[in-house]
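The values are calculated or read from the model by the stated rules, or taken from the named source; none is laboratory data. As the structure is a computational prediction, the values presented were derived from the model and not from experiment. All Cβ positions, glycine included, derive from the backbone under ideal geometry; neighbour counts span all protein chains shown. Ligands, DNA and RNA are stripped out before the accessible areas are found, and what is left, the full protein with its side chains, is counted by its heavy atoms. Shrake-Rupley method; radii C 1.70, N 1.55, O 1.52, S 1.80 Å.
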Amino acid sequence: MTEPSFNDPSTIRFGIFITVLLLCAVWEHYRPRKALTVSKTVRWFNNLTLVALNGLLIALLLPLTAFEAAKMAQDQQMGIFHQLSLPIWANVLLSVIALDLIIYLQHLLFHRLPWLWRLHRMHHADLDIDVTTGTRFHPIEILLSMLIKIGSVFALGVSPLAIVAFEIILNASAMFNHSNAKLPLRLDAVMRKVIVTPDMHRVHHSVIARETHSNFGFFLSLWDRVFRTYVAQPKLGHQRVQIGVPEIRKAREQWLDKMLTQPFRYQTKRR
């Protein structure tokens with residue numbers, strides 16, 4: 001079986017990104033899980049402007065995309081999976097699982113190392129958590145993440161189809177599990193056995209240190225259970241849990257200029 005060929009998946013990815021963003025936005029508007037505390041207009045404008053800036057910087061600064069790296073790996077038969085001559089379905093399945101584990105470990109590292117935490121802390125400094133929080137990352141963190149992803153593609157031998165599938169899953173799941181949306185509790189309990197749900201990830205954005213440094217998964221919930229970083233519920237409950245980081249509480253810090261300079265203005269505080 002030969003892999004379907006396409007030269008540029010960016011249109012597909014962007015279309016799915018917009019679709020998931022809008023669906024989650026409508027969902028959390030009509031079924032909110034937690035009352036918002038600051039201006040949604042300000043947060044959305046600045047968070048989404050940051051998304052556009054990150055996309056521009058990636059296009060300008062990175063010599064190749066993860067998709068292009070996957071095509072090179074396939075053409076040169078580079079990486080573990082190509083050496084095993086796996087069928088397409090196995091390459092896609094194993095690639096998604098392996099890359100999800102790598103993202104989990106990367107996320108853990110960005111919490112453990114002080115200089116990386118300074119970058120990642122901007123994501124946590126959002127005073128509310130909703131669908132746009134899932135897109136809010138410092139440009140330097142985005143560039144480092146892309147380099148890690150590209151290196152992983154070459155090392156594993158991820159196919160072009162697999163990297164497109166993974167990037168769609170990663171982006172969609174990040175917006176889904178950051179949504180300020182309410183799932184029925186029984187459905188949440190079933191879903192979080194496999195994937196990260198909004199209630200599960202909301203714990204990760206609590207100001208309480210033990211909760212901040214837990215629930216690192218983006219798609220599969222398996223890794224938090226295996227590595228014992230899983231916390232089921234916030235100590236204060238989902239209505240009363242305070243979102244953000246203790247040292248960055250001013251509303252002005254939600255503006256783009258302040259977000260970009262946060263890693264350089266606030267001391268490293270890995271609690």
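Near ILE195, the amide H atoms lying under 5 Å from its own belong to SER221; only residues 5 or more places off or on other chains count, and H is placed 1.01 Å from N.
When +1 charges are put on Lys and Arg Cβ atoms and -1 charges on Asp and Glu Cβ atoms, the dipole computed for the chain relative to its Cα centre reaches about 1360 debye.
Using a 1.4 Å probe on the protein chains only, how many percent of the accessible area of the chain belongs to carbon and sulfur?
Reported share for carbon and sulfur atoms: 68 percent.
Note on VAL38 and LYS193: the model spin-label points, each 7 Å out from Cα along the C-beta direction, lie 3.9 nm apart.
Of the whole protein surface, ILE80 contributes about 90 Å² of accessible area at a 1.4 Å probe radius.
Could you state the accessible area per residue of the chain in Å², with a 1.4 Å probe and every protein chain left in place? Write out the running numbers ahead of the final one.
Numbers: 12910 Å² over 271 residues.
Ligands and nucleic acids excluded, the figure is 48 Å² per residue.
Counting lysine pairs in the chain that sit 8 or more residues apart in sequence, or on different chains, and whose Cα atoms lie under 28 Å apart gives 24.
What do you get for trypsin sites (Lys or Arg not before Pro) in region 147-231 restricted to DSSP loop and a cutoff of at most 12 other Cβ within 10 Å of the site's Cβ? Mind showing how you got there, number by number?
Working: sites: LYS149, LYS182, ARG186, ARG192, LYS193, ARG202, ARG210, ARG225, ARG228; in loops: LYS182, ARG192, LYS193, ARG228.
Those satisfying the criteria are LYS193, ARG228.
Percent relative contact order of region 40-264, based on C-alpha pairs within less than 8 angstrom and at least six residues apart? It comes to 27 percent, rounded to a whole number.
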